[in-house]
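S.K.: Encoded as structure tokens, here's the structure I'll be asking about.
Bear in mind that the values in this text are calculations on the coordinates, not laboratory data. Since the structure is predicted, the reported quantities are computational estimates derived from the model, not experimental observations.
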Amino acid sequence: MSQQSHDSIRAVLWRDDHLRLLDQRMLPREEVYVDCRTSDDVAQAIRDLVVRGAPAIGIAAAWGVVLAAQRNPGGLGAALSHLRAARPTAVNLMWALDRMQRAIARGADAGALAVEAQAIQDEDLAANRRMGDLGAALIAPGSGVLTHCNTGSLATAGFGTALGVIRAGVSSGRIAQVFAGETRPWLQGARLTVWELVRDAIPATLIADSAAAHLMDTGRVQWVIVGADRIAANGDTANKIGTYQLAIAARHHGVKFMVVAPSSTVDMATASGKDIEIELRPADELLGYAGQRTVIEGARAWNPVFDVTPAALIDALVTERGVVERPDAARMAALFAG
Ligand code: MRU
């Protein structure tokens, strides 16, 4: 099977004068789209998780800048600030906006900005295919893997980061079994990853997040494969809440831990994970589900949505520039400095 036969989904679609986003809040029950006609619409869609996943957020924001240039070139500065503030942890958002800002500084008009946004989107897809090959090559034939959150075509320009490695690994026979954690509270694993895998004919087994250590203990997974929202200069990696405990459990059980992310997720200006801002989202996301309160009134909740996995727990960091084994500051600098 070719890689392409396992990659049919696209969630961020440019339509000349608006941005069409597959509404990820509604999956898998409904496949509906939200049309963004202004940069503020795009910022709102990012905040509300209509579009989510670090690379997809960056791509959507780049198109948001194009919308601002088409409709109100005088307001470009304000549009950039508004987009930048939409979510704090995924550095791809800031990376894409910095790149659009450099194009504006070179005098780019709306047409030239559209070329830049399309380049960001196309380069992400190419990076994902490259990472798929590099990551899959690390996995012994017939392995079982566990992934967390959604890092697939929904979270990127297409193919995915960690899920791209899984797509490539399944195609080449290196991966025989895929487990996906639910990823509470938004269930990006249960609602989105399992949807993608079933849609693309990749056999997948859902587990409760709390079943992960037990799964590792059964010997059925050889790798945990996750994406990233920001990777610091020493290799510390911020990703969806729950990733850190998977890395601890993996090390305890002798299961390998792989992070897959494009270089746009690497933030060499941030020294370590301690300096990464962790997004706190509303307590309501934990206190209820699908608009329905599930916890007694009067209860409180704490809802950090990312955590930091220390570099020491990471066996391989796969990027489109190459693989960093056991990342640390020196190995990161060798690939990403300058
Ligand atoms: O809150 P989300 O759904 O945007 O979080 C997404 C993740 O944590 C992903 O693992 C990460 O962005 C990598 S996506 C290729």
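S.K.: Quick check: Cα centre of segment 247-287 to Cα centre of segment 75-108, how many Å?
M.R.: Computed from Cα coordinates, the inter-centre distance equals 23 Å.
S.K.: Continuing with the same structure: Apply the a/c threshold of 1.5 to the C-alpha gyration tensor of segment 128-336 and tell me whether it is rounded, prolate or oblate.
M.R.: Note, shape of segment 128-336 comes out oblate.
S.K.: Please report the antiparallel percentage of the DSSP beta bridges confined to the chain, to the nearest 5.
M.R.: 50 percent
S.K.: Taking all pairs of different Cα atoms in segment 3-125, averaging 1/r and flipping that mean, what Kirkwood radius in angstroms comes out?
M.R.: Kirkwood radius, segment 3-125: 14.3 Å.
S.K.: A follow-up question, please. Taking the chain as a Gaussian network, Cα atoms linked when under 10 Å apart, which of 59, 276, 296 shows the biggest mean-square fluctuation?
M.R.: 296
S.K.: Relative contact order for the chain using alpha-carbon pairs under 8 Å, separation at least 6, rounded to a whole percent?
M.R.: 16 percent
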